[in-house]
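**Student:** Sharing a structure below in structure tokens format, with a few things to ask.
The values are calculated or read from the model by the stated rules, or taken from the named source; none is laboratory data. Every value quoted in this text rests on a predicted model; they were computed, and no experiment measured them. FYI the Cβ positions are ideal-geometry reconstructions off the backbone, even for glycines, and counts take in every protein chain you see.
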Amino acid sequence: MSKNKWVRSISFNKKNEKDIARLKLIGKKSFSRFIKKLLDDEIIRRESEVPSNTTKSDTPQMKQRVITNSRSKPIRPKQQSNKPFNPMLGRK
């Protein structure tokens, strides 16, 4: 074997239904040529996709920052009294 070749092995389980279907699909075709064609198609598909982060809007948008005050205390809701208000007794 040439030093320029890189061999990757693949295994199929004769009892696995998906693997049996894969082997039937390949049949007596050249396995190496079949896989290389699939890989080439995938490379072309990925190159033709436009990443969403490279698309820009027509109108320039300003970036906004949220300025936080590190010294401010967290806002907590006021606790309500568990006792119902009785107007005869008034508030305590």
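**Student:** Determine whether ASN69 is part of a helix (DSSP H, G or I), under 35 Å from the mean Cα position of the chain (by Cα) and either modelled with pLDDT under 70 or exposed (fewer than 10 other Cβ atoms within 10 Å of the Cβ) (or both).
**Tutor:** When the stated conditions are applied, ASN69 does not pass them.
**Student:** Further question on the same structure: Here are PRO60, PRO84, PRO77: which of them is exposed (fewer than 10 other Cβ atoms within 10 Å of the Cβ) and modelled with pLDDT of 70 or more? Let's see the steps before the verdict.
**Tutor:** Numbers: PRO60 fails: modelled with pLDDT of 70 or more; PRO84 fails: modelled with pLDDT of 70 or more.
PRO77 is the lone residue from the list that is exposed (fewer than 10 other Cβ atoms within 10 Å of the Cβ) and modelled with pLDDT of 70 or more.
**Student:** Here is a further query. Provide a single number: the residues in region 11-52 that are part of a loop (DSSP other than H, G, I, E, B) and more than 26 Å from the chain's Cα centre (by Cα). It would help to see each step written out before you state the result.
**Tutor:** Applying the first criterion (part of a loop (DSSP other than H, G, I, E, B)) to region 11-52 yields 11-16, 27-30, 49-51.
With more than 26 Å from the chain's Cα centre (by Cα) added as a condition, the list becomes 11-16, 27-30.
Of the residues in region 11-52, 10 are part of a loop (DSSP other than H, G, I, E, B) and more than 26 Å from the chain's Cα centre (by Cα).
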